[in-house]
1. Being more than 21 Å from L157 (Cβ to Cβ), among the charged types (D, E, K, R) and modelled with pLDDT of 95 or more narrows it down to one residue among D114, D135; which is it?
2. Looking at region 157-184, I want the residues that are touching a residue at least 60 places away in the same chain (Cβ under 8 Å) and have a partner that is within 12 Å of the ligand (Cβ to nearest atom) and among the hydroxyl-bearing types (S, T, Y) with Cβ atoms under 8 Å, at least 6 apart or on another chain. Which pairs are those?
3. Output the number of residues of region 153-193 satisfying the condition of being part of a helix (DSSP H, G or I) and more than 17 Å from the chain's Cα centre (by Cα).
4. Would you tally the residues in region 177-193 being at pLDDT 95 or above and hydrophobic (A, V, I, L, M, F, W, C)?
5. Here is a check on your reading of the model: is Y67 buried (at least 17 other Cβ atoms within 10 Å of the Cβ), of a type outside the set (S, T, N, Q) and in contact with a Lys or Arg (Cβ under 7 Å, 6 or more places away or on another chain)?
6. Can you go through Y67, Y16 and tell me which one is at pLDDT below 95, aromatic (F, W, Y), within 19 Å of L101 (Cβ to Cβ) and within 15 Å of the ligand (Cβ to nearest atom)?
7. Which members of region 109-131 meet the condition of being over 13 Å from the mean Cα position of the chain (by Cα), touching a residue at least 40 places away in the same chain (Cβ under 8 Å) and not in a loop (DSSP other than H, G, I, E, B)?
8. Checking the conditions here, which among N41, N46, N31, N57 is among the polar types (S, T, N, Q) and surrounded by 12 or more Cβ atoms within 10 Å (Cβ to Cβ)?
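The values are calculated or read from the model by the stated rules, or taken from the named source; none is laboratory data. Everything numeric here is computed off the predicted structure, so don't read it as measured data. Counting neighbours? That spans all protein chains shown, and the Cβs are built from the backbone with ideal geometry, glycine included.
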Amino acid sequence: MELSHVIRHRRSIRKYKSEKISKELLEEIINLAVWAPSPFNSQPWNFVIISREYILNRRENIGELLYERSKPLLEQIFGKKDMSPFIVKKFLGDFGGAPYLIGVLRSNRIGEVDLEFQRAAIYAVVQNILLIAYDKGLGTCWIGVDEKMREVVQEILGITKEMGELLALISIGIPDQRVKDLERKPFNLWYLE
Ligand SMILES: Cc1cc2nc3c(=O)[nH]c(=O)nc-3n(C[C@H](O)[C@H](O)[C@H](O)COP(=O)(O)O)c2cc1C
């Protein structure tokens, strides 16, 4: 696919087919995604691949916790009558049936590089994963893990602090929905010449 097509048409997918995807494919995507830029070429990332079965076997529902976190903002932005909060709630209930989640972690081993810059590099990898997956016919959704939720989410998922700081979860699988293209909001663009 053309890069411009991939960038333009990737959408967050919140419903997946139950079909598995291969670990080889997941690793291929990650191995390509790590060609992202990073501060001082520190490459401060680690990954954890989490299967649907593993999540279903956890005692607590992390999706529900993640939804509770975003609910007030979702309702404020979209209003209670809009479908968006409902769609996100339904999705986070079981991650849309996705066969896998990819957890993207900031490695603890790079102490001296500015934390904000390290996190920026992780987010660049996340975007790469979303785009590469789309190019391979897969669907994804970026699920943010914020500071408030991080400890509890890591604990529930059994991701130890030694494994790193969990910055994002990405649901990934074969899409079972078509998502309409979104509008882009106007933005300011200045030239300083
Ligand atoms: C940092 C970040 C956190 C996000 N967290 C969630 C989330 O918790 N649940 C969710 O359903 N979507 C989440 N999204 C996806 C956004 O809702 C989505 O990207 C946005 O609505 C635009 O839609 P698009 O991805 O189809 O362009 C997140 C996206 C980003 C960048």
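1. D135
2. Filtered contacts from region 157-184: L167/Y123; A168/Y123; I170/T140; S171/T140; I172/T140; V179/S12.
3. 5
4. The total comes to 4.
5. Yes.
6. Y67
7. F117, Q118, R119, A120, A121
8. Numbers: N41 fails: surrounded by 12 or more Cβ atoms within 10 Å (Cβ to Cβ); N31 fails: surrounded by 12 or more Cβ atoms within 10 Å (Cβ to Cβ); N57 fails: surrounded by 12 or more Cβ atoms within 10 Å (Cβ to Cβ).
Testing whether each residue is among the polar types (S, T, N, Q) and surrounded by 12 or more Cβ atoms within 10 Å (Cβ to Cβ) leaves just N46.
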